[in-house]
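Presented below is the structure to which this report refers.
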Amino acid sequence: MALTEDILGIDWGQVRFKRALSGLVAILVALTFISVAGTVTLIVIIATLFNVAAADDGPMSHRWVTMAEFTVAGAIVGGLAFWSFESAVGVAIVLGIATYLGTLVSAFGQRAARAGLFLTLWAVIAMMLGTADTSPLAVSGAFVVGGVIALAITALRLRFSDEDDADDDEATVGEVEDEDVAPPGSTWMRLRWASRGPMGEFAILRTSAVVLSTLVGFWIAPEYGYWAPMTVIIVVKPSSSQTVSVAVQRTLGTALGALIAVAAVQQLPTSDAYAVIGFVVSAFFMVAFMNANYTLFAAFLTSTLVFAVRIAQADAYDAGIERVFATLAGAAISLVIVLVATKMDNRDADAQN
């Protein structure tokens, strides 16, 4: 009963329609004013969406710092990802670095954990969109443009609205508690502090899972190997108390989103208009339910990624069975890692007692 409630229960007080609306407006602005067609345009749109979703709460004077840092980090990660996408080993190295750093910043607090998740996912997306015709510098520049659009849209919304998003003080499912937050100091010093504690152990464990799933995924399905590490990144998140229940929520959501979106994509006409509609709708509800129900969040997040790849690569969905196997491989590795992390938490709790 408790597991069913966790999977299906929605905390309506944490539904973020206003933030989702900001993301939707930013996407429409990008579509309207960005003249460069193809992959670069899609990167601008994804950058605006992820930047809005990863932003802190509070006044704009506080938000813009977080959004600017996320934009710079995303530009660097995206450029490296495009540079490495043709080699499975290169992909594993870049994703490993992004995962390790994205996990360590979770020690900075709940909101940093959320930004770390989106930054790591962005590395996967950039690789999935990789083409020989797009340079890493163009990817980095497109991400910066998206970040600037997100900043402008968020600033305008806050200026003309006295109400803010739902409160973030309550812990989001699977994120760190406030008591685990790193002490004040420079970013480098805080990362060093985090690497020496429980979060550092978990970062190594999670990074190993991402690297392993990348190599296994490309061995099972060379064209769809990205789905294995993407599943691990979505399912295995930093937490002060990793539980199988939370892992099941994420796994079910990821599988549900992939199945629905892939089925829809395979039935869509050759026109990209339907895929764009699916992308916009999925992105809106992904942001809206980010803190309200993790099963729905994972489902909409996965469907957003599926539609994004469909827009960039119209013929990328011929081998559905390979993509399913890669996703299942990532899910299996994820559940093993969660069980190991749970035992580590129990060990630490016993040591404290």
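The values are calculated or read from the model by the stated rules, or taken from the named source; none is laboratory data. Fair warning: this is a prediction, and the values are worked out from it, not measured in the lab. For neighbour counting, all protein chains shown are included, and Cβ atoms are generated from backbone atoms with ideal geometry for every residue, glycine included.
Here are the numbers for this structure:
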read-out: Matching option when the condition is surrounded by fewer than 22 Cβ atoms within 10 Å (Cβ to Cβ), modelled with pLDDT of 85 or more and charged (D, E, K, R), among E223, E170, E201, E177; value: E201
read-out: Unique match (being of a type in the set (S, T, Y) and at pLDDT 85 or above) among T4, T103; value: T103
read-out: Which listed residue is at pLDDT 90 or above and surrounded by fewer than 18 Cβ atoms within 10 Å (Cβ to Cβ), from V65, V72; value: V72
read-out: Any hit, the range 61-75, residues being touching a Ser or Thr at 6+ places or on another chain (Cβ under 8 Å) and under 15 Å from T134 (Cα atoms); value: yes
read-out: Options T214, T231, T207, T302: the member that is closer than 24 Å to S84 by Cβ, at pLDDT below 80 and assigned to a helix (DSSP H, G or I); value: T302
read-out: Count of the range 234-259 residues which are under 11 Å from S334 (Cα atoms), among the aliphatic types (A, V, I, L, M) and either at pLDDT 75 or above or not in a helix (DSSP H, G or I) (or both); value: 3
read-out: Tabulated pairs, the range 285-297, first within 10 Å of R19 (Cβ to Cβ), second assigned to a helix (DSSP H, G or I) and β-branched (V, I, T), C-beta under 7 angstrom, 6+ apart or interchain; value: V287/V52
read-out: Residue in the range 83-94 that is within 19 Å of V124 (Cα to Cα) and within 15 Å of the chain's Cα centre (by Cα) present; value: no
read-out: Single unsatisfied condition, L339 versus (1) touching a Leu at 6+ places or on another chain (Cβ under 7 Å); (2) at pLDDT 75 or above; (3) not basic (K, R); value: (1)
